[in-house]
Every structure is written in structure tokens, then in C-alpha cells.
């Protein structure tokens, strides 16, 4: 996050949350703030963002997770990687995307979703959801590129999953989007086809999860973009974001 911030102030975020009764009650319970005083809620939230509570200090938590990951050699994927692809985006994000693993461009740059599929994901975020890419958090199930971009094997996914779980716990987004079958199957512990999982809310670690098609699948199957957009609209609704009609805004 750049100094001076591309993001809204903690006060603005707190007041926005306080405007929604459900979110306000959740935060009051967690922060120990009695009543419906938005000023007190804002102050408590601002203090926590400064580091007065580990759960609300996700930036430091993510740095700790990355230190623990180190130059990982826990599975065979380390043998062919150029860079570990840890994660990217706002540690305080309301929305988090989880993909399956890095491809060639990601392996070269050490950043998730920067190739063709990444450019499509960026369009979904910026042109569809109308957030900056820097306002969401993006990670993968595995942090190293599988050979030939094959699907990560079960043992590889199992080995890397604790780090993803810690990333999710650190960010605590209000919604997770599972991109593709590998991400959805890993998070939801199911083998149900993504075509049947998508379009409905699920849950992981107490966080709402929306499975949808992976951007690389959408590049190969443009006709599925309409269904993916329906999924994204549900996510926007969950976050209280306005869906702009085609040609509008």
C-alpha cells in the first residue's frame, strides 16, 4: 500500500461499515464498543489498524507468513520455479481472489495473475467491479509454478494450503472468490464440478465464498463470461457495490 494511500481513510471505512447494521454489530462485538456510536467505532477501528490488535494488522501478519514460507522446499514444485509467487494487493482488502497456481509470467515476475489470464482478471476487477486491482488481495493455492502449467497435485496443494489459510486469516476479507475448479475444490473440500458450484454462496473459515470460472477458462470459452459476470454481480451485492448497467457510468 503506497504512503498517503490509494485507499480510503480508516474513518471512512469504519463509517461505511457502521452504516450497515450487520457489519456494525459484527465490529462492535469484536472491538468491544457498546452502543451505536459511529465515532467510537471509528476510533476503535482506526486504533486497530495502527496495530493495536493482531487480527486487524494484516500487513504485518502477511509479512510474517512470507518469512515463515522462506525459500520453500517443502514439495517438488520448488525444483522448477524461478520465483515464489506469494500474493499481491491490499492487506486490508474487502475482497480476495484465490487461483490455483502461478503460470510462466507469474513465475518470472513473482506476482500472481500478470499474464493473459491476469489481464482479464484485472479487467473484471477494474472495469466490472470498479475497484482498483490494488484494492483487492490475490493469492494462489500453490506458490510455485507446476511444470507445464499442469494442475497442482493433491500433495502439493495440501503442502501449500496452510500458508493460504494464514493469508486468508490475515486479510479476513468480507468475500472470497475461488477462481476455477482447483481453488474451489481445495477451499470447499469437494469434487463437485465448478459449473455446479458457481452461482451459489459457500463458506470457508467463516468467510463467504463464490466459486466462478478461472480467467484462463474464460479466455478459451468466451461464452462462459456471462455466467462469470453473474457470479461477480453476486459478489458486488455482498460487498454493497453498485452494479453499473452495460453502457452506463
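I need a count of the residues in the stretch 76-109 that are in a helix (DSSP H, G or I) and touching a residue at least 24 places away in the same chain (Cβ under 8 Å).
Total satisfying the criteria: 9.
For the stretch 110-143, which positions are in contact (Cβ under 8 Å) with a residue 60 or more places away in the chain, assigned to a helix (DSSP H, G or I) and either in contact with a helix residue (DSSP H, G or I) (Cβ under 7 Å, 6 or more places away or on another chain) or under 15 Å from residue 183 (Cβ atoms) (or both)?
Selection gives 116, 117, 118, 120, 121, 124, 128, 129.
Go through the residues of the stretch 155-164 one by one and say whether even a single one is farther than 21 Å from residue 106 by Cα, crowded, with 16+ Cβ neighbours inside 10 Å and modelled with pLDDT of 95 or more.
No, every residue in the stretch 155-164 fails to be farther than 21 Å from residue 106 by Cα, crowded, with 16+ Cβ neighbours inside 10 Å and modelled with pLDDT of 95 or more.
Looking at the stretch 213-225, can you tell me whether even one residue there is surrounded by fewer than 20 Cβ atoms within 10 Å (Cβ to Cβ), closer than 18 Å to residue 152 by Cβ, in contact with a strand residue (DSSP E or B) (Cβ under 7 Å, 6 or more places away or on another chain) and assigned by TED's automatic domain parsing to the domain that holds residue 89?
no
Considering only the stretch 184-206, state which residues are touching a residue at least 40 places away in the same chain (Cβ under 8 Å) and either surrounded by fewer than 19 Cβ atoms within 10 Å (Cβ to Cβ) or not in a helix (DSSP H, G or I) (or both).
205
The values are calculated or read from the model by the stated rules, or taken from the named source; none is laboratory data. Keep in mind that this is a model prediction, so the values were computed, not measured. Every residue, glycine as well, gets a Cβ built from its backbone with ideal geometry; the counts of neighbours run over all protein chains shown.
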